[in-house]
Amino acid sequence: MLLDSGCNQSENKPPGGKPKVALVMKSLANEFFSTMAEGARKHQAAHTADYELIVNGLKNETDLAEQVSLVEQMMARRVNAIVIGPADSKALVTVLKRAIAAGVTVVNIDNKLDADAVKQAGLTIPFVGPDNRAGARQVGEALAKRLNPGDKVAIIEGIPTAFNGQQRRLGFEEAIKAAGLNLVSVQSGYWEIDKGNNVAAALLNSYADLKGILCGNDSMALGAVAAIQAAGKTGKVLVVGFDNIPAIHPMIADGRIVASAEQHADQVAVFGIEAALKILKGAAPPADEATKLDIITTDTLGGAK
């Protein structure tokens with residue numbers, strides 16, 4: 001029997017009172033997800049008669065077991081819908097299948113679940129989020145404009161099994177190839193500042209003539225900037241990121257970070273919640289929804305807020 005986020009509609013409709021919607025994110029230590037949570041809370045405050053909101057997040061981006069546990073806890077609390085940004089595109093499919101089988105509506109946001117894993121599980125789960133590949137390509141193009149063909153660059157990617165991390169790497173690689181840059185290394189910083197810092201420090205040691213580092217998110221970009229400063233190479237090695245968190249704005253303003261991608265985390269959460277509420281009211285699961293994405297540079301900083 002096919003299970004999907006729109007099946008068992010009669011079970012998904014709360015018998016009385018307001019539906020409970022759980023927002024399950026990745027690390028709340030990352031400003032991107034703090035912004036997402038804030039956007040969701042503001043939306044619920046403006047729609048208090050429509051639904052209750054439970055916000056959850058991880059302490060560590062890579063703690064998949066904790067996120068699986070959060071989903072199980074939300075099932076135990078009998079939420080009507082789970083809006084989730086999975087820490088891993090494959091590892092969360094099994095627990096989400098159990099949630100759907102229990103009559104919980106599931107909407108996927110931010111990091112897309114693996115299409116093959118979802119299909120093999122017999123699920124159809126709508127996705128709401130940006131085109132990470134296109135965004136990363138544009139960010140990479142902003143860096144390429146500052147460099148020359150043949151210049152050495154490296155990529156610090158996110159979790160290798162995360163779809164958004166994979167897409168950002170592909171986008172970076174497309175921009176690098178089109179500009180004729182020399183990609184010397186791809187390593188994972190697992191979305192975290194400290195790990196990004198360690199990877200960047202090693203890259204600077206290994207490649208004395210490195211000219212650019214493309215980071216899969218702004219947390220890793222912060223780590224890269226710190227490593228560049230510690231190596232005395234500020235201004236000599238350029239950095240790009242992804243997410244446009246407030247902490248990098250001074251670095252974009254002074255050129256330490258060339259560009260980042262603003263994917264409007266607050267809106268992504270709201271669109272995911274609204275999709276879940278529509279399903280709970282009896283609508284068919286919507287098609288995947290691509291959300292707005294802007295490229296932030298020194299010239300555009302503040303313009304896409």
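Any residue in the range 143-158 that is in a helix (DSSP H, G or I) and either of a type outside the set (S, T, N, Q) or open to solvent by less than 60 Å² (accessible area, probe 1.4 Å) (or both)? For the range 143-158, residues in a helix (DSSP H, G or I) and either of a type outside the set (S, T, N, Q) or open to solvent by less than 60 Å² (accessible area, probe 1.4 Å) (or both): present. Given the condition closer than 22 Å to L293 by Cα, out of contact with any strand residue (DSSP E or B) (no Cβ under 6 Å at 6 or more places or on another chain) and open to solvent by 10 Å² or more (accessible area, probe 1.4 Å), answer yes or no: does some residue in the range 48-71 qualify? Looking through the range 48-71, none of the residues is closer than 22 Å to L293 by Cα, out of contact with any strand residue (DSSP E or B) (no Cβ under 6 Å at 6 or more places or on another chain) and open to solvent by 10 Å² or more (accessible area, probe 1.4 Å). Can you work out which of the residues in the range 32-65 that are of a type in the set (D, E, K, R) and in a loop (DSSP other than H, G, I, E, B) is modelled with the highest pLDDT? The qualifying residue modelled with the highest pLDDT is D50.
Here the range 169-218 is the region considered, the condition is being open to solvent by 50 Å² or more (accessible area, probe 1.4 Å) and assigned to a strand (DSSP E or B), and the residue that is nearest to F33 (Cα to Cα) is Q187.
Of the numbered criteria (1) open to solvent by 10 Å² or more (accessible area, probe 1.4 Å); (2) closer than 30 Å to V128 by Cβ, the one V268 fails is (1). Has the range 230-245 got at least one residue that is open to solvent by 30 Å² or more (accessible area, probe 1.4 Å), not in a loop (DSSP other than H, G, I, E, B) and not basic (K, R)? Within the range 230-245 (the criterion being open to solvent by 30 Å² or more (accessible area, probe 1.4 Å), not in a loop (DSSP other than H, G, I, E, B) and not basic (K, R)), the answer is yes, since at least one residue qualifies. Among residues of the range 128-141 being open to solvent by less than 10 Å² (accessible area, probe 1.4 Å), touching a Leu at 6+ places or on another chain (Cβ under 9 Å) and among the aliphatic types (A, V, I, L, M), the one that is nearest to P86 (Cα to Cα) is A136. Could you tell me whether any residue of the range 247-264 is surrounded by fewer than 20 Cβ atoms within 10 Å (Cβ to Cβ) and among the acidic types (D, E)? Yes, some residue in the range 247-264 is surrounded by fewer than 20 Cβ atoms within 10 Å (Cβ to Cβ) and among the acidic types (D, E). Here L280 passes the criteria (1) in contact with a helix residue (DSSP H, G or I) (Cβ under 9 Å, 6 or more places away or on another chain); (2) closer than 30 Å to A142 by Cα except the one numbered (2).
Taking the conditions (1) aromatic (F, W, Y); (2) over 21 Å from D131 (Cβ atoms); (3) in contact with a Gly (Cβ under 8 Å, 6 or more places away or on another chain) in turn, Y207 satisfies each one other than (3).
Note on the range 272-305: residues that are small (G, A, S) and either assigned to a helix (DSSP H, G or I) or closer than 20 Å to K20 by Cβ (or both) total 5. Here A259, A269 are screened, and the one residue that is in contact with a helix residue (DSSP H, G or I) (Cβ under 9 Å, 6 or more places away or on another chain) and outside any helix (DSSP H, G or I) is A259.
Any residue in the range 91-98 that is crowded, with 23+ Cβ neighbours inside 10 Å and either modelled with pLDDT of 95 or more or part of a strand (DSSP E or B) (or both)?
So far as the range 91-98 goes, yes, one or more of its residues are crowded, with 23+ Cβ neighbours inside 10 Å and either modelled with pLDDT of 95 or more or part of a strand (DSSP E or B) (or both).
Among the residues of the range 112-127, is any acidic (D, E), out of contact with any His (no Cβ under 6 Å at 6 or more places or on another chain), part of a helix (DSSP H, G or I) and open to solvent by 50 Å² or more (accessible area, probe 1.4 Å)? Yes: one or more hits.
The values are calculated or read from the model by the stated rules, or taken from the named source; none is laboratory data. Just so you know, these numbers come straight off a predicted model, no measurement behind them. For neighbour counting, all protein chains shown are included, and Cβ atoms are generated from backbone atoms with ideal geometry for every residue, glycine included. The accessibility values were calculated without ligands, DNA or RNA, using every heavy atom of the protein model including side chains. Shrake-Rupley method; radii C 1.70, N 1.55, O 1.52, S 1.80 Å.
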